[in-house]
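The values are calculated or read from the model by the stated rules, or taken from the named source; none is laboratory data. This structure is a prediction, so every number in the text was calculated from the model and none was measured. FYI the Cβ positions are ideal-geometry reconstructions off the backbone, even for glycines, and counts take in every protein chain you see. All accessible areas refer to the heavy atoms of the entire protein, side chains included, with ligands and DNA or RNA removed. Shrake-Rupley method; radii C 1.70, N 1.55, O 1.52, S 1.80 Å.
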Amino acid sequence: MTMGLPCEVKAHPITGIYNGKFAVWLFLASEVMLFGALFSALVLLRAGAASWPHGYTVLNVPIGTLNTFVLISSSVTMVMAWASLKVHDFAKGRQYLLWTFLLAALFLGLKLALEYYPKFQAGHTPGHDNFYGTYFVLTGLHGLHVVGGMIVIGYFLWPGAHLWHENPEHYTNRIECTGLYWHFVDLVWIFLFPTLYLL
Amino acid sequence: MAESHAHHAHEPQDAHGHGGDHGHGHPELPFWRKYIFSIDHKVIGVQYAVSALVFLFFGFCLMALMRYQLAYPSTPLNFLNGIFGERRWQSGFMTPDFYNELGAMHGTIMVFLAIVPVLVGGFGNFVLPLQIGAPDMAFPKLNMMSYWVYVPGGLIMLASFFTQQGAAASGWTAYAPLSVIAKNGETLWLLGMVFLITSSLLGSINFIVTVAHMRARGLSMFRLPFFVWAQLVTSFLLLLAFPPLEAAAVLQLMDRVAGTSFFLPSGLVVSGSALQVAGGGNPLLWQHLFWFLAHPEVYVLILPALGIVSEVIANNIRKPLWGYRTLVYSTIFLGFMSFVVWAHHMFMTGMGTTMSTFFQATTMIISIPSVIILTCLLLSLWGARIRYTVPMLFALAFLPMFGIGGLTGLPLGLTTSDIHLHDTYYVIGHFHYVVAPGTIFAVFAGIYYWFPKVTGRKLNDFLGKLHFWPSLIFINMVFMPMFFQGMAGVSRRLYDQTQYHSGSGVHTLTQISSWGAWLLGLAQLPFIYNFFASIFVGQKVSDNPWNATTLEWAAPSPPPHGNFAAEPVVHRGPYEYSVPGAAQDFSPQHIA
Amino acid sequence: MNDLRERVFIITPAAIWETEVDVHYGWWLPPNIGGDNAQGVDRLIYVVHFFMAVLFVGWGALFAYCLVRFRDRTGISAAYEEIKAKPSKYAEIGVIVFEVFLLVALSMPIWASVKTKIPTGSDVVTVRCVAEQFAWNFHYAGKDGEFGTTKATLVGTENPLGIDRSDPKAKDDIAVINTLHIPINKPVVIRGTSKDVIHSFFIPVLRAKSDLIPGMTVPIWFEAKKTGTFDIQCAQLCGNNHFKMKGQLFVDSSENFSKWLDEQAASAGGEEEEEE
Amino acid sequence: MSLKAFHVIFLTVATLFCFGFGAWGVAFHASAGGTPVLLVALVSLLAGVALPIYGVWFLRKLKHVSYL
């Protein structure tokens, strides 16, 4: 059913953006508050703690760094997918989108296999102390955001791809929205990594 | 109604299109698409409103039970033993545990399942797109989703009553560590909250985009009805204040199920044995995160109510609202300030002078826009020609009731007087005056006002007055005694106040309050009858029965799918009543 | 008394007294037996309520006048033009000025005194208060004036505070449940904390209240100007028996207070001998 | 703000991170040793140089796309 609502595809004359982009930015504002609250909680707990280990003494810095680069690359492929769609190159856009999807999967794989699994093996569960508690909550929530991003990207790669043939501009807009979200998730990690691993 | 085809010819049929619209080759939507998983903002609005009113009634029933325990703590009600079962009701008496469950769930249901959904989900959804001349919300499917995320949240909350260990019993504030060491109901409470928060987030995004992008031609921001402004500010509060509570809920959920100790300090000894957790957490962290949400939440409960009241008053005074721009600026300022007052709920937590100075100062500052808003509405009455319609009665009663609620906030916002009054019945009286005779009266005003738009029929006037006057009397009978109980020093959340001498001293007041509550319940019967009967036999009225100016009255009643026959164009501000030289005493926004 | 009531009583570690208190609690503020801070709380409550009454009555009178005068009747029409409302502007400025006055002159000084001017010196009586579900444990330092160490591992029914009696400072410590004895006309400092959940220590007649939060110690101080027996209430929901978390405050004359301390010291010493 | 503008912000933050992390890694190596950390630190410094170059190329490529 095509509703044909105003500004669904075309930009609004005053705000200069279409509905979806506006909504994604509002959503990201709420996400800032969500992660902001968790970061504040971390600061408060750490300030009040009797002892708190430095991240690099207990976490795997090289794997964390590698994962950071994986995410940075995935943002680059994401934006390239959108840029390709902008010049009407669907095949290339889809290829870049697939790369983004694979890089996200790589990030999660590394995270689970080389970080979470050994820690659980060593008995370093979230309940071990508040360092591991905040580590698992923050990275876990970030991981869920990555999974969410993969679901969206996967949707536009496969079942949602037909929109390109019906309304290429609409499809490109949706990829832009996905890209905005994906950039945000990556930015969160770029803040998360030094806070947890290096300080 | 037939004209609607001209403009929205490609759209599916009007849900209310009485027969005549059939046979144009448009497939009729199946029942479940039209009324259950509908993406029409009007159907979703009605769904929200009806569900929320059911929850409101349910929350009221919980309270009516509690009021019996408070008024007659030593008179058994044996016939309830079998009904509630051993765990909840023993030898004719409610158990203390059940009392705490009722208390926690009453608060949660009223705030998160009744008032916010009826104001934002119900009135916001139904009225807002009509008032801005839009065919629907910006994201109809997202709109449907926020309703269908709200429903499971509510069902999880209700289901927790039937679990073996009962519902959450740590108050609607769920203070840690009590809530962390509490029984399983608390886990369900947290899960339910995550659903409700998500639903509000989705809704608020939708509202903001709708107001920004979907306004009719000529409808500039300062031509918006005040109701739309109130909803817009409310949406921003929901958008930015709810995520910290979501974070807090996740942390508490971890504390409960994953053995972390974010809110548990080291060295806890519960029921004589040391608690086996790592410790090192901070109970105040929960309170900070919770109140960072819950104070803006207060304005979420009151701003849309102010919006409704302003609409009804503007319509019934037959003149423009006094200081429209002042109202708007005050509301925006209120929204901003509501983010920096949260710790005034925490004055008794051992806060020092620096923090308390900041928070009591901001609290005094936030009282000023509220005073200004009330003043604007009061001054609007000067030189008016007041029509005492039923919605107007509720809207007018709202003003002094909200005034009492606001004024009694002063002694609570000042740290020194708060020492005595904090966590006493004075607090309960204060916030109930804001949300019960305040917000709920606004909800009634809104129902009586917009019912003709939803159904095409009017609610009965006589029954409406029969609803209004007893409600006004009894609701004051419920809450006025609480200020005196609080003064006497009766603590909140006591299963049996007479255990303390302060409580036995005011026991008569407690009983008056309880009788007030039960009579208030009876006073709603005319409304319930009126509501259902009028859907079928109410007096049929025109599209604009109140001679109003705002855009929702330009649409047919009930509005068809797509709302307007032709996209309206706006020529003037929202409250142009009694314009000198005009033919009528109202000049609708859309008529050139 | 029915089964439930009895069971609830057994769950409660506290014995609930049925003794009559020495003040009458009515429909308004209870009698105030406190010192300057407590009087300051009352002063602010009265001034604020007077201010609220003036606002409400003034506002209500105008409201009622409008409702009658501007009712819908034939022959009148509504005025389109906005009225100039200078008085409302003055009223709003008046409200702001008065709020600043309340804040700066009446609220902040008393709060500063309550929170920062914790008395010290030889005549100050310091008592530790450890709240638990659902009782108040009071810990007096005894003759040596120093509190013995406490350990969470030692907590048990016999020793709810977990006082380590092997510590020499702990030998003469006094531990009592739900009974707080204080001398008249002397500053008393309660160092409050909690074992399990958040409780709130509230003595209405002294206008004293503070949350007791596990992991934190909060000082609460007051002076009592009248002897007698009064209620200690819990003001924060702390579980199913929150309503029974009642303590008793005994404000004794100086002689009676010393006598009580001596009796307690004797019985504390006796208990310890039994243990050894 | 369009994805183009956000990408520029993202690249700026990522570049800062690369240099920051590189400096941290070199300092860490100097005080505590450890080859893997030094290795990732050097890679990070290289990435810090590469990202702005890519950024300029990206802006040229998307010259006609709006920042809004």
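For this structure, a couple of remarks:
- Qualifying residue in segment B:560-569 (condition: touching a Pro at 6+ places or on another chain (Cβ under 6 Å), over 17 Å from B:Thr389 (Cα atoms) and not in a strand (DSSP E or B)): yes
- Evaluation of A:Tyr96 against the conditions (1) more than 14 Å from chain B (Cβ to nearest Cβ); (2) more than 13 Å from the chain's Cα centre (by Cα); (3) surrounded by 14 or more Cβ atoms within 10 Å (Cβ to Cβ); (4) within 30 Å of A:Val58 (Cα to Cα) shows that the sole unmet condition is (4).
- Restricting the first member to segment A:158-187 and to residues that are within 11 Å of chain D (Cβ to nearest Cβ) and under 11 Å from A:Val24 (Cβ atoms), and the second to residues that are open to solvent by 20 Å² or more (accessible area, probe 1.4 Å) and basic (Lys, Arg), the beta-carbon pairs closer than 9 Å and six or more apart or on different chains are A:Glu176/A:Lys86.
- Selection count where residues are touching a helix residue (DSSP H, G or I) at 6+ places or on another chain (Cβ under 7 Å) and without any contact (Cβ under 8 Å) to a residue 24 or more places away in the chain, scope segment C:144-191: 4
- For segment D:28-43, the criterion of being within 23 Å of A:Thr77 (Cβ to Cβ) and out of contact with any strand residue (DSSP E or B) (no Cβ under 6 Å at 6 or more places or on another chain) is met by at least one residue.
- Considering (1) in contact with a Gly (Cβ under 7 Å, 6 or more places away or on another chain); (2) within 14 Å of chain B (Cβ to nearest Cβ), the lone condition that C:Ser194 does not fulfil carries the number (1).
- Top-ranked residue of segment A:1-24 - restricted to ones that are assigned to a helix (DSSP H, G or I) and at the interface with another protein chain (Cβ under 7 Å from one of its Cβ atoms), ranked as most open to solvent (accessible area, probe 1.4 Å): A:Phe22
- Filter result (of a type outside the set (Asp, Glu), under 30 Å from C:His199 (Cα atoms) and open to solvent by 10 Å² or more (accessible area, probe 1.4 Å)) within segment B:222-257: B:Val250, B:Leu253, B:Met254, B:Arg256, B:Val257
- Restricting attention to segment B:562-582 and to residues that are in contact with a Lys or Arg (Cβ under 9 Å, 6 or more places away or on another chain) and within 29 Å of B:Asp461 (Cα to Cα), the residue that is farthest from the other protein chains (Cβ to nearest Cβ) turns out to be B:Pro574.
- Test result for A:Ala47, under 29 Å from A:Lys119 (Cβ atoms) and within 8 Å of chain B (Cβ to nearest Cβ): no
- Test: C:Ala224 is more than 14 Å from chain B (Cβ to nearest Cβ), aliphatic (A, V, I, L, M), surrounded by 15 or more Cβ atoms within 10 Å (Cβ to Cβ) and under 22 Å from C:Gly35 (Cα atoms): yes
- Residues that are open to solvent by less than 30 Å² (accessible area, probe 1.4 Å) and within 9 Å of another protein chain (Cβ to nearest Cβ), drawn from segment A:50-63: A:Val61
- Any hit, segment A:62-79, residues being over 20 Å from A:Leu187 (Cα atoms) and in a helix (DSSP H, G or I): no
- Subset tally (residues that are more than 7 Å from chain B (Cβ to nearest Cβ) and modelled with pLDDT of 95 or more) for segment C:55-67: 4
- So B:Thr260, is it of a type outside the set (A, V, I, L, M, F, W, C), crowded, with 22+ Cβ neighbours inside 10 Å, more than 14 Å from chain C (Cβ to nearest Cβ) and in a helix (DSSP H, G or I): no
- Look at segment D:10-30: where a residue is facing chain A (nearest Cβ under 9 Å) and a partner is among the acidic types (Asp, Glu), sitting 6+ places away or on another chain with Cβ atoms under 8 Å, you get D:Phe10/A:Asp186.
- In segment B:86-103, the residues that are part of a loop (DSSP other than H, G, I, E, B) and in contact with a strand residue (DSSP E or B) (Cβ under 9 Å, 6 or more places away or on another chain): B:Arg88, B:Thr95
- Scanning segment C:159-175 for residues that are part of a strand (DSSP E or B) and either within 21 Å of B:Ala274 (Cα to Cα) or acidic (Asp, Glu) (or both) yields C:Ile163, C:Ala175.
- In segment A:125-140, the residues that are crowded, with 18+ Cβ neighbours inside 10 Å and either more than 8 Å from chain B (Cβ to nearest Cβ) or part of a helix (DSSP H, G or I) (or both): A:Asn130, A:Phe131, A:Tyr132, A:Gly133, A:Thr134, A:Tyr135, A:Phe136, A:Val137, A:Leu138, A:Thr139
- Subset tally (residues that are touching a helix residue (DSSP H, G or I) at 6+ places or on another chain (Cβ under 8 Å), farther than 12 Å from A:Ala104 by Cβ and at pLDDT 95 or above) for segment A:143-160: 1
- Residues located in segment B:331-348, provided they are touching a residue at least 24 places away in the same chain (Cβ under 8 Å) and open to solvent by 10 Å² or more (accessible area, probe 1.4 Å): B:Ile332, B:Phe333, B:Met337, B:Phe339, B:Trp342, B:His344, B:His345
- Failed condition for B:Trp382, given (1) more than 30 Å from B:Asn125 (Cβ to Cβ); (2) in a helix (DSSP H, G or I): (2)
- Lone qualifier among B:Pro283, B:Pro320, B:Pro391 - being touching a residue at least 40 places away in the same chain (Cβ under 8 Å), more than 8 Å from every other protein chain (Cβ to nearest Cβ) and at negative phi: B:Pro391
- Consider segment C:129-144 and keep the residues that are under 12 Å from C:Ala170 (Cβ atoms) and touching a strand residue (DSSP E or B) at 6+ places or on another chain (Cβ under 9 Å). The one that is surrounded by the fewest Cβ atoms within 10 Å (Cβ to Cβ) is C:Ala141.
- Conditions (1) more than 7 Å from every other protein chain (Cβ to nearest Cβ); (2) open to solvent by less than 20 Å² (accessible area, probe 1.4 Å); (3) in a helix (DSSP H, G or I): number failed by C:Phe101: (2)
- Condition met for B:Ile512 (in a helix (DSSP H, G or I), more than 21 Å from B:Leu399 (Cα to Cα), within 13 Å of chain C (Cβ to nearest Cβ) and not polar (S, T, N, Q)): yes
- Qualifying residue in segment A:155-173 (condition: assigned to a helix (DSSP H, G or I), crowded, with 19+ Cβ neighbours inside 10 Å and of a type in the set (A, V, I, L, M)): no
- Considering segment A:115-124, and only residues there that are away from every other protein chain (no Cβ under 14 Å) and closer than 14 Å to A:Asn60 by Cα, the residue that is surrounded by the most Cβ atoms within 10 Å (Cβ to Cβ) turns out to be A:Glu115.
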